[in-house]
Amino acid sequence: MKLEFSKEDELFRQEVASWLKDNLCGEYEQLRYRGGPGDEHMFTREREAWERQLASGGWVGIGWTEKDGGRGASIEQQVIFHEEYAKAGGPGRVGHIGEGLAGPTIAAFGSQAQKAKYLPGILSGKELWCQGYSEPGAGSDLAAVKTKAVLDESTGQWKISGQKVWTSLAQDAQWCFVIARCEPGSVAHKGLGFFLVEMAQPGVDVRPIEQLTGTSEFNEVFFDDAIAADIVGEPGDGWKIAMALLGFERGVSTLGQQTLFQNELNEVIAIAKENGMAKNPDIRRRIADAHSGLQIMRYNSMRMLSDSEDGSLQKEALIYKLYWASWHRNLGKLAMDVLGPQSELIQDTPYELTRLQSLFLFTRSDTIYGGTNQIQRNIIAERGLGMPREPKVEINPV
């Protein structure tokens, strides 16, 4: 895809750069380049305040339509925003699940009342969201979810019971969108609903999961007759809406992810120049490969964004998770090799990791969560290339 910026776009670039220069300073100076993968536990409250600061400047939901409260920014302008955000060292966003996933999904499939209820909280930066998809027995295979939603005929309310796992930001979020089985006896992708659940209520229990890095960026969440505030669409529409949301996840929100990746790569390059590893031919080649890979990600994102307003997955989106997960894992390895023997040293006891050490450990999970690389290859083969489904073998115990 050929991407060109008009004079209007370049004026927009100046506006973005100027605002970031004037605002990402003072109390927010410490947030520069922080909050990426493996560093998401740092400066949580301060990054929440930064989210509200962004909102006050009109920089949350810039790609949303004006009727939904956004700026109606073009794809080119959204690219510009994320490029300038990366250059300025903008911190990892705590509102990205609401802005990039919940908001666009509600805008596409929700009622007018639901849009009026939920979109302003996201746009103001005051309400954070988390995603209730994965379960202990339904990770890569989302259609295997067992969390149940039961309609209370006396109140007209849906009650949610079950367990979700690997739920990022659940400890701080006010809302969660939950995929639950709302038709008794249904299997696979049929009989699912897409529910909006308030986190601060009886029947919602959030338990942090401690990682290899010693931090807890995600959680397991238990629902025990928790009341859903709303169901988006009709009962049974859950799978359709969930797949549309994945389209948004692998669409505009990828630009923000690539912002963090660029900052991490920049840090690796800076250290390589400082300690002399940039003179190593193999390291130089791997840095060049990382740079090229990030540009490929960017242009593939542009292909995905070129003609989808309802979140429907284009074939180009099918390769994205597999590609970025492998790329990011390799970046973690590159970071350790650039650091050399220093990568094996811990600064202080009991467990004070540097950002790049945390990055390396975190990227071990990239090829697992959100659909393993093996599952992603199956999806590409079956949905993208039209190949027959992988045969399932029944194993009978002896």
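Within segment 220-228, is even one residue touching a Phe, Trp or Tyr at 6+ places or on another chain (Cβ under 8 Å) and hydrophobic (A, V, I, L, M, F, W, C)?
Checked against the condition, which is being touching a Phe, Trp or Tyr at 6+ places or on another chain (Cβ under 8 Å) and hydrophobic (A, V, I, L, M, F, W, C), segment 220-228 yields at least one hit.
Can A113 be described as outside the structural domain of L361 (by TED's automatic domain parsing), buried (at least 22 other Cβ atoms within 10 Å of the Cβ), aliphatic (A, V, I, L, M) and out of contact with any helix residue (DSSP H, G or I) (no Cβ under 6 Å at 6 or more places or on another chain)?
So A113 does not fit the description; no.
Output the qualifying pairs, or none if there are none: Cβ atoms under 6 angstrom, residues six or more apart or on different chains, first residue in segment 118-133 and aromatic (F, W, Y), second residue part of a loop (DSSP other than H, G, I, E, B).
W129/A173
Quick one: is Y85 in contact (Cβ under 8 Å) with a residue 24 or more places away in the chain, under 21 Å from E234 (Cα atoms) and not acidic (D, E)?
Answer is no for this residue.
If you take the residues in segment 1-46 that are of a type in the set (F, W, Y) and modelled with pLDDT of 95 or more, which one is nearest to E210 (Cα to Cα)?
The residue in question is Y28.
Please enumerate the residues belonging to segment 176-216 that are crowded, with 22+ Cβ neighbours inside 10 Å and outside any strand (DSSP E or B).
Once the filter is applied, which keeps residues that are crowded, with 22+ Cβ neighbours inside 10 Å and outside any strand (DSSP E or B), segment 176-216 yields only C182.
Can you spot a residue in segment 281-299 that is buried (at least 18 other Cβ atoms within 10 Å of the Cβ), among the hydroxyl-bearing types (S, T, Y) and at pLDDT below 95?
no
What residue, of E264, E217, is touching an Asp or Glu at 6+ places or on another chain (Cβ under 9 Å), within 28 Å of A325 (Cβ to Cβ), touching a residue at least 12 places away in the same chain (Cβ under 8 Å) and charged (D, E, K, R)?
Values: E264 fails: touching an Asp or Glu at 6+ places or on another chain (Cβ under 9 Å).
After ruling out the rest, the residue left standing is E217.
Looking at segment 345-398, which of the residues that are among the basic types (K, R), within 27 Å of E316 (Cα to Cα) and in a helix (DSSP H, G or I) is modelled with the highest pLDDT?
R377
Against the condition charged (D, E, K, R), at pLDDT 95 or above and crowded, with 21+ Cβ neighbours inside 10 Å, how does E51 come out, does it pass?
So E51 passes the test.
Could you count how many residues in segment 150-177 are touching a Lys or Arg at 6+ places or on another chain (Cβ under 7 Å) and over 17 Å from R207 (Cα atoms)? Reasoning before the result, please.
Taking segment 150-177 and keeping what is touching a Lys or Arg at 6+ places or on another chain (Cβ under 7 Å), we get 150, 152, 161-162.
If we keep only those that are over 17 Å from R207 (Cα atoms) too, we end up with 150, 152.
Residues flagged as touching a Lys or Arg at 6+ places or on another chain (Cβ under 7 Å) and over 17 Å from R207 (Cα atoms) within segment 150-177 amount to 2.
The values are calculated or read from the model by the stated rules, or taken from the named source; none is laboratory data. If you're wondering where the values come from, they're calculated on a predicted model, not measured in any experiment. Neighbour counts run over all protein chains shown; Cβ positions are idealised from the backbone, glycine included.
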